[in-house]
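A short reminder: the numbers here are calculations on the coordinates, not readings from a lab. Here the structure is a predicted model, which means the values were calculated and not measured. Every residue, glycine as well, gets a Cβ built from its backbone with ideal geometry; the counts of neighbours run over all protein chains shown.
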Amino acid sequence: MENKQEKPTDPFKPARLATSAALGILNENYYNALASAKADGKPVIWITSMAPIELIYAFDGIPFFPENYAALCSSRKVAAEFCETAEGSGMSQGLCSYALCMFGSIFEKRGAFGDEGVDEPDILLATEGACATHPKWWEAMQRHFNCPLIIIDAAYTVDGETLPEHHKSYLAAELEKAAYKIEEYTGKKFDIDRLREVVSLSDQASELWDDIDDMRAAVPTPITQIDVFTCLFALVTLRGTKEAVEFYQQLRDEVKERVDNSVGSIPNERFRLIWDLFPIYHNMRLLNYFAEFGGAFVTDLYGNAFSGRVDSSDPFNSLAERYLSFFMRSASWGKSELYKKRIEKYHVDGIVFHSNRCCRCFSAEQPEISQILRDELRLPSMTFEADMVDPRVFDDAQVKARIETFIEMLESRKYPK
Amino acid sequence: MESEFYDAYSKRHELAEGWKQAGKGIIGYFCNYTPEELIHAAGIIPVRLRGSSENIALADAHLPTFCCSFIRSCLDQALRGRYSYLDGVVIPKTCDMTRCLPGIWKRNMKPSYFRALPVPGKSTDEAVDFFAHEMALFKESLEEYSGHKIDDESLNKAIKVYNENRALVQEVHKLALSDTPPLSGSEVFAIMLSGLILPKDEHSAMLRKLLDDLPPAKETADGAVRLMIAGNTFENMELMQAIEECGGNVVIDDLDIGTRYYWNHIEEGSEPLKALAAGYLRRVPCPCKHPAQPRLEHMLKLAKDYRVKGVILINQQYCDTHLYDRPWLESSLQQAGFPVLLVDHSDIGWVGGKFKTMVRAFIEMLE
Ligand code: SF4
Ligand code: SF4
């Protein structure tokens, strides 16, 4: 591993995609639109992930994702201060660090860029059904901002395989009610045809994303996990817009070109891995550390949480189905089944569990999933604890030592001497 | 502590083994959103799944330590075989932990009957219809498992048994409206605990006897400071006793095994499934339900009616649902003139000394 190259300066640094530069522009445009929303007369709706963003675009509103913003604060290294501020106001340190960080920013009226932070919401919109944190967090924000709050209810299905009809119709009715609530609060007329257009754009972006996801199965895999995490921005925030579709077309073409030319995402792919689940926003570089040993992340579930096909001819029912069949809603047995399929399709050698200590909802089942995969597929795994947003508990040396041990184990299995 | 109620609770596993040997089916369930009446109507004894103050050892291989110790302890107790008499388990989805638990429980405990129950987060008419539909499915699965038909009549009978029991516990609670409550807070706590596991008719018979035999009211109050305890569940009888040793008396509660559990009434009638759905969804809400306001109103009303001087708000560490409400409950109670003592509690590694110091200081401040 001594061969020094001119470019890139770091021989192990994975090759980022050219398209990710386009992301910077999308990002900037989005934040400009958010900043001028009040002046432009556009409603700003703060929304949870896994919530029907399509409704907001149908009203020509600007969605704002506190989760995303907290991630941004974390990568800009201001999250620890914000979390501390929230804790100082009586919020428990064990709470989701997205929430703590966002509250810190709200209380301090300070943003990710040392600016004044974002404007207050016109409406708060949360769904019950991704995690229990969402509605509770939104209720707490409602008490702070004293603005309208819409909670879209969805009972948990647990068994992700079959989606009972009454679950679908209950959520579809909730979505429709939410549309009329937004109409009431914004004074803008709800237009079902506009919703159909948005849903159709949302579907196109999802389809493109799914294509990219499929292409990750190529050996060597064409796109890094960091690119997946960062390029998700458009799917999360701009799903339902033309811009998102155009961006993913460009991204898909570039990824395809790499696959056609067998260009890998890292210089020397030796191990194909799964990352479960949340990014570590304050330490994305940790993903590169695997690359130093030839570890490439080839698939994940998080990246697919935000895509989902929808049918514009039946928007409410179809959105209901899409938001209910989202994989994270299935119990550990359902998630393990999903992984089993992916392990085969993507030729996976091992799985890395980021035990995200503040997210009980998606970390509690990891030991179980790890055991199922080990028992049934003999799939090696490693687990380490961190917090996605808050860097205060992260032990870099310890995590790296674990990674090295894990790689040694993979090495002896895959390339026995 | 001398109390036949507490004895029953302490010996709950032995008692259950006895029922089992007598040929009864037993189903363990979590939370306030499992309609026990259906299990009862199927001829099966429902028992509430509870943790313990015993150290957690076996569950750590299955759940990260940053999960609430209530669920970790319940799983640990099950893995240790304490619940080996259970024929089945029902887990309603109420919070992130009860949502993650089904897969883990099913795979490791392999109960012969298992149900993960979807529960809506709201209590609108649509939510009630939805939940009534879930009740019907739950009923079918119980019938299939038990071979015991559940008709409207048997369901109404079960509802009646449960209503009677709830009314009796409410009567016990109301005794504390007096300036000289005949029962201490810990005695009432023991009653609430035992009602979670004893068959309701048995518990009701014990309650009737207790109410009939109550000693005449004391002439003068004993000077104990009247308190409310609110928040998450706990096992620890020592906690209640510690409050009393410090000069306090818990006269009312807002606990998931207390008024939020017992202060419910289900309509008997021609549509028992719908009545169950409405009754369960529209009871005093746990924080997993929206909106949260009715719970605060319930707390404020109790605090006023029971003339408490202060509130001990007790929370499980890592319990997101409760913890998001905590700052709001604290400030709202305080504004209404009820000082609040915040306690982070876990039955495991319970620090009695520290707790007493806090409570003593709180009570001094109230006096
Ligand atoms: S990180 Fe976990 S707890 Fe936080 S909002 Fe996301 S799913 Fe919910
Ligand atoms: S409500 Fe809180 S204490 Fe109860 S199981 Fe859920 S997380 Fe644990």
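Key figures
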quantity: Largest-first ellipsoid semi-axes for region A:307-369, taking √(5λ) over the Cα gyration tensor eigenvalues, angstrom; calculated: 27, 17, 9
quantity: Region B:270-367 - convex hull of the alpha-carbon atoms, volume per residue in Å³; calculated: 134
quantity: Gyration tensor verdict on region A:343-382 (Cα atoms; rounded if a/c is under 1.5, prolate if a/b is larger than b/c, oblate otherwise); calculated: prolate
quantity: Whether region B:176-217 is rounded, prolate or oblate, judged on the alpha carbon gyration tensor where a/c under 1.5 counts as rounded; calculated: oblate
quantity: Where Rh is the Kirkwood radius over Cα pairs, Rg/Rh for region B:116-236; calculated: 1.08
quantity: Karplus 3J(HN,Hα) series, Hz, for region B:214-225 with 6.51 cos²θ - 1.76 cosθ + 1.60 (x for Gly, Pro); calculated: 4, x, x, 4, 5, 6, 10, 5, 8, x, 5, 7
quantity: Residue among B:V351, B:V47, B:V308 with the largest mean-square fluctuation in a Gaussian network model of chain B, springs linking Cα atoms under 10 Å; calculated: B:V351
quantity: Gyration tensor verdict on region B:2-54 (Cα atoms; rounded if a/c is under 1.5, prolate if a/b is larger than b/c, oblate otherwise); calculated: oblate
quantity: Cysteines in chain A lacking a second Cys C-beta under 4.7 Å; calculated: A:C73, A:C83, A:C96, A:C101, A:C147, A:C231, A:C358, A:C359
quantity: Computed over chain B, the ratio Rg/Rh where both radii use C-alpha atoms and Rh is Kirkwood; calculated: 0.94
quantity: For B:T65, residues with placed amide H under 5 Å, excluding near neighbours; calculated: none
quantity: Degrees, to the nearest 10: A:97-108 long Cα axis against longest axis of chain A; calculated: 50
quantity: Order of A:L72, A:L377 under a 10 Å beta carbon neighbour criterion, fewest first; calculated: A:L377, A:L72
quantity: Rounded to whole Hz, the Karplus (6.51, -1.76, 1.60) HN-Hα couplings of region A:74-81, x for glycine and proline; calculated: 5, 6, 8, 6, 10, 5, 4, 4
quantity: Under 26 Å from B:K354, Cα to Cα: lysines that are on another chain or at least 8 residues apart; calculated: B:K309
quantity: Relative contact order [Cα under 8 Å, 6+ residues apart], region A:20-414, whole percent; calculated: 18
quantity: Diffusion coefficient, µm² s⁻¹, Stokes-Einstein with Kirkwood Rh over alpha-carbon pairs of the protein assembly as shown at 20 °C and 1.002 mPa s; calculated: 77
quantity: If the convex hull is drawn through the Cα atoms of region A:261-379, its volume per residue in Å³; calculated: 143
quantity: Full-extension gain in nm, A:D60 to A:V219, via 0.36 nm per residue minus C-alpha separation; calculated: 53.1 nm
quantity: Helix A:133-145 vs. chain A, principal-axis angle (Cα, 0 to 90°, nearest 10); calculated: 40
quantity: Estimated distance in nm for a label pair at A:R76 and A:D119, the labels positioned 7 Å out from Cα along Cα-to-Cβ; calculated: 1.8
quantity: Residue with peak Gaussian network fluctuation, chain B [Cα springs, cutoff 10 Å], from B:L273, B:L38, B:L333; calculated: B:L333
quantity: Selection from B:V308, B:P111, B:A275 lying farthest towards where the dipole of chain B points positive, charges on Cβ; calculated: B:P111
quantity: Cα centroid of region B:66-96 to Cα centroid of region A:97-161, whole Å; calculated: 30
quantity: Rounded to whole Hz, the Karplus (6.51, -1.76, 1.60) HN-Hα couplings of region B:86-99, x for glycine and proline; calculated: 6, 8, x, 9, 10, 10, x, 7, 10, 9, 5, 6, 5, 7
quantity: Spatially proximal lysines relative to A:K414 (Cα-Cα < 29 Å; intrachain offsets below 8 disregarded); calculated: A:K4, A:K13, A:K256, A:K335, A:K340, A:K341, A:K345, A:K400
quantity: Hits among lysines - C-alpha to C-alpha of A:K189 under 28 Å, sequence gap 8 or more where chains match; calculated: A:K38, A:K42, A:K168, A:K177, A:K181, A:K242, B:K122
quantity: Rounded Å value of the spacing that divides the Cα centres of region B:173-251 and region A:16-81; calculated: 53
quantity: Under-5 Å amide H pairs with A:I150, H placed in peptide plane, nonlocal only; calculated: A:L124, A:L125, A:A126
quantity: Highest-fluctuation residue, B:S270, B:S146, B:S73 considered, GNM on chain B with Cα pairs under 10 Å; calculated: B:S270
quantity: Chain B: angle of helix B:12-21 to the longest principal axis, Cα-based, in degrees nearest 10; calculated: 20
quantity: Computed Rg/Rh of region B:208-325, alpha carbon atoms with Kirkwood Rh; calculated: 1.02
quantity: Efficiency of FRET from Cβ geometry, A:R16 and B:E17, R₀ 51 Å, rounded to 0.05; calculated: 0.20
quantity: Surface/4 of the Cα convex hull for region B:24-148, nm²; calculated: 7.6
quantity: Per-residue Cβ neighbour rank within 10 angstrom, fewest leading, B:D325, A:D60; calculated: A:D60, B:D325
quantity: For B:G25, distant residues with modelled amide H under 5 Å away; calculated: B:I45
quantity: Sequence-separation-based contact order of region B:248-290, relative, with Cα cut under 8 Å and 6+ spacing, percent; calculated: 35
quantity: Square roots of 5 times each gyration tensor eigenvalue, C-alpha, region A:20-414, largest first, Å; calculated: 33, 24, 21
quantity: Relative exposure of A:I25, A:I274, B:I257, judged by other C-beta atoms within 10 Å (fewest first); calculated: A:I25, B:I257, A:I274
